[in-house]
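J.: Below is a structure I'd like to ask you about.
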Amino acid sequence: WIVGYLVENSLGRLWMLNRPSSRLVDRMPYYIPPADEETTFLKIAGPEELKVIDPACGSGHMLTYAFDLLYAIYEEEGYAPAEIPGLILGKNLFGTEIDPRAGALAAFALTMKARAKQRNFFNKQIELNVRVLAPIHFTAEEIDFLLTLGGDRRAESAYWNQFEYADTMGSLIMPNSNLDAHLKQHIAQLDACGDLLLSDVLDRAEQTVLQSEYLSPRYSVVVANPPYMGSGNMDAGLSEWTKRSYPEAKADLFACFIERATTLAVPLGRVAMVTMQSWMFLSSFAALRAGLLGQHTLESMAHLGTGAFDSIGGAVVSTTAFVFEVETSAESDTRGAFV
């Protein structure tokens, strides 16, 4: 039900704001309607514009629930059933992961969702948007080959090696997306001249650009159950990196993911997450709280405490689930519904 609550009050809410007469509400048992009429919201012309990412997708639980809700949206809009599964997987759902096995499970789960709706889906050869973020490293000589004429060597070198530790940092990496289009066009014009080593460099460069594009801020909804790891359990490299990249959230990886999620969503988009509850009250997260409540709107929260997950006994994990509207106000606004 936690997944239902998160997806329905982010993806579902955006759709209901754009289609107030929609009967989608009848399919959302955990949906919390706005207390007041909202006039400022993310405008969605059609379902193909709803882009949803889980930046730590695991085996795909969030994405498969979103698939069902999106299918209902497409149906309501009158799309042909034969088109809907391919549209959802090709245009709406995105996932990133650092564990290849988990990423494969997520892709398989989504494929079977599509197959259940369309018997000949396997013949469609739709490329899923589930990306396992691979570590990629370029030597100085390889970067020399990739440099643009008159380009900023420092900025471009940082771009090409931004995923060197992707199997640890994953989607917490914040790419310089301003370089994506420029460098993508540049490497398309480079010629390896039959050199197998240079061909490999270009292949890795293309993969770097693709991974960077996945992590650009372009999503209507970011939904996640991110990994947890306190700073005391991080190795020296990860600890130093989080301190530098996420100074207000460095005490735990899940907090870094909260901050990161707000940069993945478009303005007026939604961030829906279930995390440890400690960010709500510990002094080590005071700056994070101030930033979140000062820049974004907390629409709803379910403070679950212990026992939220049947598979985890006792008081091992105390959690909270919440939904933020992104970048709407310079002042704190916590008028959402609390359960």
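J.: Quick one: helix 236-245 against the long Cα principal axis of the chain, what's the angle to the nearest 10°, folded into 0 to 90?
T.: Helix 236-245 sits roughly 70 degrees off the main axis of the chain.
J.: So, for the chain, what is the accessible surface per residue at a probe of 1.4 Å, expressed in square angstrom?
T.: Values: 15720 Å² over 339 residues.
Per-residue value: 46 Å².
J.: Sum -39500 (n - 2.57) across every DSSP H segment of at least 4 residues in the chain, then divide by the residue count to get the 222 nm mean residue ellipticity, nearest 500.
T.: -11500 deg cm²/dmol
J.: Give the relative contact order (percent, whole number) for the chain; include only Cα pairs under 8 Å separated by 6+ residues.
T.: 16 percent.
J.: Hey, another quick one. Given an 8 Å cut-off on Cα distances and at least 6 residues of separation, report the relative contact order of the range 31-132 as a percent.
T.: Over the range 31-132, the number comes to 34 percent.
J.: Still on this model: Could you sort the peptides 256-262, 31-37 by per-residue average Cβ neighbour count (10 Å cutoff), highest mean leading?
T.: Result, highest mean first: 256-262, 31-37.
J.: Angle, helix 100-117 long axis vs. longest principal axis of the chain, Cα atoms, 0 to 90°, nearest 10?
T.: 60 degrees
J.: Still on this structure, please answer the following. Between V130, V223, V25, where does the largest GNM mean-square fluctuation fall for the chain, given springs only between Cα atoms within less than 10 Å?
T.: Between V130, V223, V25, it is V25 that shows the largest mean-square fluctuation.
J.: May I pose another question? Using Cα atoms only, what is the angle between the long axis of helix 196-214 and the major principal axis of the chain, expressed in degrees (0 to 90) to the nearest 10?
T.: 20 degrees
J.: Which order, highest average first, do 207-214, 320-327, 56-63 follow once you tally other Cβ atoms within 10 Å for each residue and take the mean per peptide?
T.: The most tightly packed comes first, giving 56-63, 320-327, 207-214.
J.: Ok, one more. Summarise the accessible area of the chain (1.4 Å probe, protein heavy atoms) by the percent that is carbon and sulfur. Numbers along the way, then the final one.
T.: On the way: 8350 of 15720 Å².
Reported share for carbon and sulfur atoms: 53 percent.
The values are calculated or read from the model by the stated rules, or taken from the named source; none is laboratory data. Every value quoted in this text rests on a predicted model; they were computed, and no experiment measured them. Every residue, glycine among them, receives a Cβ derived from its backbone with ideal geometry; neighbour counts consider all protein chains shown. Calculation scope for accessible area: heavy atoms of the full protein, side chains included, ligands and nucleic acids excluded. Shrake-Rupley method; radii C 1.70, N 1.55, O 1.52, S 1.80 Å.
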